[in-house]
């Protein structure tokens, strides 16, 4: 279940987050396009990218359809607790941790926007059923 998701009585637990369909779109190029857009303005340097990659945070994003809000959402990963503790052997420093968490959130937004563009392109005739009939009318 997504991190901030709350079950609604009217949906009776029948939520379908469409993660597999979204994963297909990410693999078709939405991840790469969103990542490249983000890479143009990120404050990450090579060391930050290596750290985030080594921690597996790029792979820990959760993109899903929120049926209660009828929209695409994401949960960005955060730096693990071991790396947050100032005196810990793995400490990154609080300013670095904050910067990494903020940049990962920005990356999630960039990829989410790209995914929304993919959904709009496929709105009428989609292999995934991403139409108005399935998800309701999206705000423009």
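The values are calculated or read from the model by the stated rules, or taken from the named source; none is laboratory data. What you see is a predicted model; the values in this text were computed from it and never measured. Cβ coordinates were reconstructed from backbone atoms using ideal geometry, including for glycine residues, and neighbour counts include every protein chain displayed.
Structural remarks
- Residue 35 part of a strand (DSSP E or B) and modelled with pLDDT of 90 or more: no
- Cross-chain or 6+ apart pairs with Cβ under 6 Å, the range 94-107 first and closer than 14 Å to residue 74 by Cβ, then part of a helix (DSSP H, G or I): 107/38
- Filter result for the condition that a residue is loosely packed, with under 14 Cβ neighbours inside 10 Å, on the phi < 0 side of the Ramachandran plot and at pLDDT below 85, over 40, 69, 20: 69
- Checked against the criterion of being modelled with pLDDT of 75 or more, out of contact with any strand residue (DSSP E or B) (no Cβ under 7 Å at 6 or more places or on another chain) and part of a loop (DSSP other than H, G, I, E, B), the candidates 97, 79 yield just one match: 79.
- Checking residue 76 against (1) without any contact (Cβ under 8 Å) to a residue 40 or more places away in the chain; (2) out of contact with any helix residue (DSSP H, G or I) (no Cβ under 9 Å at 6 or more places or on another chain), the condition it does not meet: (2)
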